[in-house]
Ligand SMILES: *Cc1c(COP(=O)(O)O)cnc(C)c1O
């Protein structure tokens, strides 16, 4: 087993220094001083933070701008709306009303948007920076589950001897169903071909060592492993680099579901040699409910080889549609499929320009900073949350347990608090009454995600005060 399995090189090749807070860090003034020194603080102004009044009354005050904002710690579920999104939407509507079908190919002066047929490239280029990929390795299309199906169709090629898929024991239901149905689609038995990778009894986190032992145990008859980059329930960030390398050494295809990792943590999908990945963009990506998803296909799988002739392109098998066809010949209508090299060649249909406008709008904000800068703040913001939650308490008496790893390299923005039995509903109600938006997951977890783009240290401070009050009652 290689060295980094034992953590010599940290997780995913990095080892962050865990922030240490001084004696006076629990004061409101200290939180304010962190905000004053925050180089990303101005980004908050680019978002519309739902107001307390809107949330309490369930009616929308107009204009819907953030007078007295709520504490929104739910970016892990649905990111909030960038102010710029309505401008991008308006530009799209204006192009459509102004020139109709010409919008496909015409670059409109002063519009922040490319012609519609190039919009997936515009979105793909921005997303590639967030996931550490070449621009050609990323495209925007469909939604996460649909994209997972598309890529499983290309990457899951079971044989009589190698048919198993290893997946997360608590996989998000959609991932579980998608995998189960692919196995059945190949006339195999999910009971025999699905291997659930889980932690030790009574534990929540799964060590890299443990995942590797599952790979060892099943490698002989396994075809593929698909894990979440960040586990949605516990918030654990897996060692994608090490796991990918190890699974490859045993001949498995490696896919990652990055729903909770995209725009949250630093990724290097190309360098880590990941085969494929999918993500949604409405969580940390802020592109809006049900927004267009993203996918990654490693360069080595996206090649198109013309060595056997112009009319005989060789490429990885996939389910195809005309939008994956090379642009230079897409409109020839000769029914000779030549894929766009890279992830673009996995596209199917004319994508929604409206959806792409929302996605490009939110990505334009990420383009103004970097995932490295965001992650730096995120590590500190979440460490501050953890520090305040644990201060002056002990494991015996604390009414909750943080089931997210305490090592910043093994988590993103989110902390999952497992409350003592019976507390969840009361606490969730109290938080809601106080206009705190975070989400609960049965049986007993509150997920709290301060997001570096729009949340502040002062909000973290306030949140902990409100949570303590809710727990006292
Ligand atoms: C949010 C999430 C999804 C959502 O899938 P959609 O197809 O976008 O509805 C899937 N998998 C995981 C792990 C998620 O966290």
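The values are calculated or read from the model by the stated rules, or taken from the named source; none is laboratory data. Please read these numbers as outputs of a predicted model, since none were measured by experiment. So basically every Cβ, Gly included, is an ideal-geometry build from the backbone, and we count neighbours across all protein chains shown.
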Some residue of the stretch 252-264 being at pLDDT 95 or above and over 19 Å from the mean Cα position of the chain (by Cα): yes
Options 255, 288, 302; residue that is on the phi > 0 side of the Ramachandran plot and in contact (Cβ under 8 Å) with a residue 24 or more places away in the chain: 288
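Yes/no per residue for (1) at positive phi; (2) without any contact (Cβ under 8 Å) to a residue 24 or more places away in the chain; (3) within 14 Å of the ligand (Cβ to nearest atom):
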site	(1), (2), (3)
130	no, no, no
143	no, no, yes
146	no, no, yes
176	no, yes, yes
Residue 247 surrounded by 21 or more Cβ atoms within 10 Å (Cβ to Cβ) and either modelled with pLDDT under 95 or not in a helix (DSSP H, G or I) (or both): no
Tally, over the stretch 272-298, of residues that are crowded, with 24+ Cβ neighbours inside 10 Å, more than 15 Å from the ligand (Cβ to nearest atom) and within 25 Å of residue 407 (Cα to Cα): 1
The stretch 161-174, subset closer than 17 Å to residue 236 by Cα and touching a strand residue (DSSP E or B) at 6+ places or on another chain (Cβ under 6 Å), residue farthest from the ligand (Cβ to nearest atom): 169
Count of the stretch 433-473 residues which are free of Cβ contacts under 8 Å to residues at least 24 places away in the same chain and within 26 Å of the chain's Cα centre (by Cα): 3
Exclusive hit being modelled with pLDDT under 95 and within 26 Å of residue 122 (Cβ to Cβ), set 330, 398, 316: 330
Among the residues listed as 224, 188, 269, the single one being more than 16 Å from the ligand (Cβ to nearest atom), surrounded by 24 or more Cβ atoms within 10 Å (Cβ to Cβ) and over 20 Å from the mean Cα position of the chain (by Cα): 224
